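The next block holds one structure in the form of structure tokens; read it before the comments.
We did not get these values from a lab; they are worked out from the coordinates using the rules stated. The model shown is predicted, which means the values in this text are computed figures rather than measured ones. Here the Cβ positions follow ideal geometry from the backbone for every residue, glycine too, while neighbour counts run over all protein chains shown.
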Amino acid sequence: MATKKAKKKAPAKKVVKKKVAKKATKKVAKKATKKVAKKAVKKAAKAKVKRKPNAAFMKPMTIGAALQAVVGNKPMPRTEVTKKLWDYIKKNKLQDPKERRNINADENLKKVFGGKKTVSMFEMTKLVSKHLS
């Protein structure tokens, strides 16, 4: 008799587990749809507001003598200096082919980089900022 009771109880547990699992998935689905709806509302609100560029990035900077050989001598914003510097690097194929994060300096860039032969992209921005005022 003990085995019959055990057999009867086992299926009942499975049914309960299935019901609990169904309820849990319904709750998760409701929460997921609410989150998706909230994100859509936030995106719509953000899309309406147009961002203004930071004035500090747009301020023309005077360029040091070493950097003038690479980007030119007219005052320009940091963003333009970076663009012209990358144009120079790509034009002269100075990016390291194996380690793309490194820039191999030619004679003009060695002056900007403080005499270093190879500089990483992240270090490059730090070294270039010394030539801007």
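Within a Cβ distance under 14 Å of Lys90, other residues only, what is the Lys/Arg minus Asp/Glu net charge?
In short, +2.
Of the listed pairs Lys74/Lys116; Lys39/Lys59; Lys91/Lys126; Lys84/Lys117, which have alpha-carbon separations greater than 24 Å here?
In this structure, Lys74/Lys116; Lys39/Lys59 lie more than 24 Å apart at Cα.
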